[in-house]
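Here's a structure for you.
The values are calculated or read from the model by the stated rules, or taken from the named source; none is laboratory data. None of the values given here were measured: they were computed from a predicted structure. Cβ atoms come from the backbone with ideal geometry, glycine included; neighbour counts cover every protein chain shown.
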Amino acid sequence: MNLSDLNLIPELVASASTIATIRQDLHAHPELCFQEVRTADVVAAKLTEWGIPIYRGMGTTGVVGIIKAGTSSRALALRADMDALPMQEFNTFAHTSQHPGKMHACGHDGHTAMLLAAAQHLAQHRNFDGTVYLVFQPAEEGGGGAREMIKDGLFEKFPVDAVFGMHNWPGSEVGKFAASAGPVMASSNEFKIVIRGKGGHAAMPHNGLDPVPVACQMVQAFQTIISRNKKPIEAGVISVTMIHAGEATNVIPDSVELQGTVRTFTIEVLDMIEQRMRDMAQHTAAAFGMTCEFEFVRNYPPTINAPKEAEFARRVMASIVGEANVGQQEPTMGAEDFAYMLMAKPGCYAFIANGDGDHRAMGHGGGPCMLHNPSYDFNDQLIPLGATYWVRLAEAWLSPAQ
């Protein structure tokens, strides 16, 4: 798709190369969750340079920019995540990671850049009536930075009517968006089960309590929760991803450890799965004369878009790229801590297409340009497009006519 055919803001197109330089600098200096000190410094310096008041330190390294115009008390928040992943980058182009074992493999450098571009334009023009809060969030990759910012008083200190987020989505043609009401990303949860038996000689199993067949029965039984305990039209995934037991071929181990994840789109299904897994684990172990320890940790809740805000976002997208290029989000079992913000405030978490990887410079890795892949790189063509969406969204939401 030719970006010149889209309804982009000319000033954002003109500044895109400058913002891309910032993005590539962030890519070269990735920082993991709650360690985004340099990244936060870059964000804070740019916002200050553009005359935007800032608040720092919320959620450890978070930065909030504040842009006011007019007299209305209405406000909205636009959120970008800043952290990188603990991965070794395969790319060798000029802006590849300078920190071994750390990489911007999910495009958070690009998310930050798009919001910075929008911030600069909003501060210069202020074509709205109310307040735009620019939320640069730490620790999306497993740290729950959104939750920590909320705990630190994000929405008490910066009260908003709605909150919006956006993630790049590889594999779709640049110039396309997707937004839908309802669940768009799943909850993420982890479990750990330790089955306690009585070890002994493999040739004399009758003298002990072998936890290995008990663990095998549990793994199989858990799948009946998905197939027989929940409604077939409801989504849920139980994945046992680790089984640890034994040290020698002729020794029955004392214990077996199972670990894995559970994903759902609703808390009700999650509650049911956790309770059924707990019951199955405990009663299966007891049936064989053994005990088990069951731990279940709830990480991110499901990401659920509010109908009004999702439809509003779609209208703004259509005004930029045309209705034909605004699709429905196919719900994914991946998780996103923007879910915490959507639990606190109505809003919409949207996808912006990142292309198929043809944008990557010489020196990219041999793998695909997919999220969490060591050959990934954010597509800088998205900067004026994503920034235009943020600006038009803020202007429309805070329009005096609203």
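Just checking, which of Gly182, Gly236, Gly200, Gly208 is farther than 30 Å from Leu382 by Cβ and under 22 Å from the mean Cα position of the chain (by Cα)?
Step by step, each of Gly182, Gly236, Gly200, Gly208 is checked, and only Gly236 is farther than 30 Å from Leu382 by Cβ and under 22 Å from the mean Cα position of the chain (by Cα).
Out of everything in the stretch 350-402 that is among the charged types (D, E, K, R) and modelled with pLDDT of 95 or more, what residue ends up being nearest to the chain's Cα centre (by Cα)? Show your work before the answer.
Kept after step one, since they are among the charged types (D, E, K, R), are these residues of the stretch 350-402: 356, 358, 360, 377, 380, 392, 395.
Adding the requirement that they be modelled with pLDDT of 95 or more leaves 377, 380, 392, 395.
On the way: Asp377: 17, Asp380: 20, Arg392: 23, Glu395: 26 Å.
In this case the residue turns out to be Asp377.
A further question follows. Please go through the stretch 83-122 and give me each residue that is under 17 Å from Val37 (Cβ atoms), among the hydroxyl-bearing types (Ser, Thr, Tyr) and either more than 14 Å from the chain's Cα centre (by Cα) or not assigned by TED's automatic domain parsing to the domain that holds Pro30 (or both), ordered by number.
If the condition is that a residue be under 17 Å from Val37 (Cβ atoms), among the hydroxyl-bearing types (Ser, Thr, Tyr) and either more than 14 Å from the chain's Cα centre (by Cα) or not assigned by TED's automatic domain parsing to the domain that holds Pro30 (or both), then Ser97 is the only one that fits.
Just checking: which of the strands (runs of 3 or more DSSP E) contained wholly in the stretch 251-350 hold 2 or more residues that are farther than 30 Å from Phe164 by Cβ and not assigned by TED's automatic domain parsing to the domain that holds Thr388?
It comes to 255-264, 291-300.
Criterion first (of a type in the set (Gly, Ala, Ser), surrounded by 14 or more Cβ atoms within 10 Å (Cβ to Cβ) and more than 30 Å from Gly142 (Cβ to Cβ)) does Ser17 satisfy it?
no
Can I ask one more? Kindly evaluate Ala146 against the criterion of being in the same structural domain as Ile67 (by TED's automatic domain parsing) and under 14 Å from Ala387 (Cβ atoms).
Details: in the same structural domain as Ile67 (by TED's automatic domain parsing): yes; under 14 Å from Ala387 (Cβ atoms): no.
Judged against the criteria, Ala146 is not a match.
Which of (1) aliphatic (A, V, I, L, M); (2) farther than 30 Å from Leu3 by Cα; (3) in the same structural domain as Ala335 (by TED's automatic domain parsing) does Ala179 not meet, given it meets every other one?
Of everything listed in (1) aliphatic (A, V, I, L, M); (2) farther than 30 Å from Leu3 by Cα; (3) in the same structural domain as Ala335 (by TED's automatic domain parsing), Ala179 misses just condition (2).
If you go through the stretch 201-257, how many residues are free of Cβ contacts under 8 Å to residues at least 12 places away in the same chain and within 24 Å of Pro302 (Cα to Cα)?
Count: 6.
In addition: Please tell me if Lys192 is surrounded by fewer than 18 Cβ atoms within 10 Å (Cβ to Cβ), of a type in the set (Lys, Arg) and free of Cβ contacts under 8 Å to residues at least 60 places away in the same chain.
Judged against the criteria, Lys192 is not a match.
Could you count how many residues in the stretch 380-393 are farther than 16 Å from Gly322 by Cβ and either surrounded by fewer than 24 Cβ atoms within 10 Å (Cβ to Cβ) or not assigned by TED's automatic domain parsing to the domain that holds Met166 (or both)?
2
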